[in-house]
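Reviewing the structure listed below.
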Amino acid sequence: MFGRGRFSKVIATQLDQFAVDHRGDIEDCDEKLAAYNGADRDEAEELYGDYVDAVELATELLADVRDNYARFLDEADDEQYQREFNRAVERRWKPFASEIENR
């Protein structure tokens, strides 16, 4: 287990389940980013706002998963778990990484 976090298995399971349960939300982010990237200058600002809204929604749902599990941990474990969870999100879904830190 060298190099793996203490909570790596539970987090991997949580993120796998999130990917199944919220596939539509994740795909929505990808679609909105593609729309923004392919947009004319006139539409780009609005489409980027749509993308940001989709990322915020998905990130909030991820934070709910994290926070619901963390509330059963003691303070020290809670902090470690949240750090590991946030790093795992960053590795798996880069667009959600900056938002998850702020939730």
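Scanning segment 55-103 for residues that are within 11 Å of the chain's Cα centre (by Cα), more than 14 Å from ALA12 (Cα to Cα) and not charged (D, E, K, R) turns up VAL55, LEU57, ALA58, THR59, LEU61, ALA63, PRO95, PHE96, ALA97, SER98, ILE100.
Just a yes or no: is a residue in segment 56-71 of a type in the set (Val, Ile, Thr), modelled with pLDDT of 95 or more and under 13 Å from GLU99 (Cα atoms)?
Yes: one or more hits.
Inside segment 1-16, residues that are surrounded by 13 or more Cβ atoms within 10 Å (Cβ to Cβ) and at pLDDT 95 or above make up a count of 7. Consider segment 67-97 and keep the residues that are under 22 Å from ASP30 (Cβ atoms) and basic (Lys, Arg). The one that is surrounded by the most Cβ atoms within 10 Å (Cβ to Cβ) is ARG92. Just one of the numbered conditions (1) at pLDDT 95 or above; (2) more than 15 Å from the chain's Cα centre (by Cα) is not true of ALA19: (2). Checking ALA34, ALA39 one by one, the residue that is free of Cβ contacts under 8 Å to residues at least 12 places away in the same chain, of a type in the set (Gly, Ala, Ser) and surrounded by 14 or more Cβ atoms within 10 Å (Cβ to Cβ) is ALA39 and no other.
For beta carbons closer than 7 Å, sequence separation of 6+ or different chains, a first residue in segment 12-25 that is within 16 Å of ALA54 (Cβ to Cβ) and a second that is of a type outside the set (D, E, K, R), the qualifying pairs are PHE18/LEU62; PHE18/VAL65; ALA19/ILE26; HIS22/ALA58; HIS22/LEU61; ASP25/LEU57; ASP25/ALA58; ASP25/LEU61.
The values are calculated or read from the model by the stated rules, or taken from the named source; none is laboratory data. From a predicted model like this one, the values you see are computed outputs, not experimental measurements. No Cβ is skipped: glycine too gets one built from the backbone with ideal geometry, and neighbour counts run over all protein chains shown.
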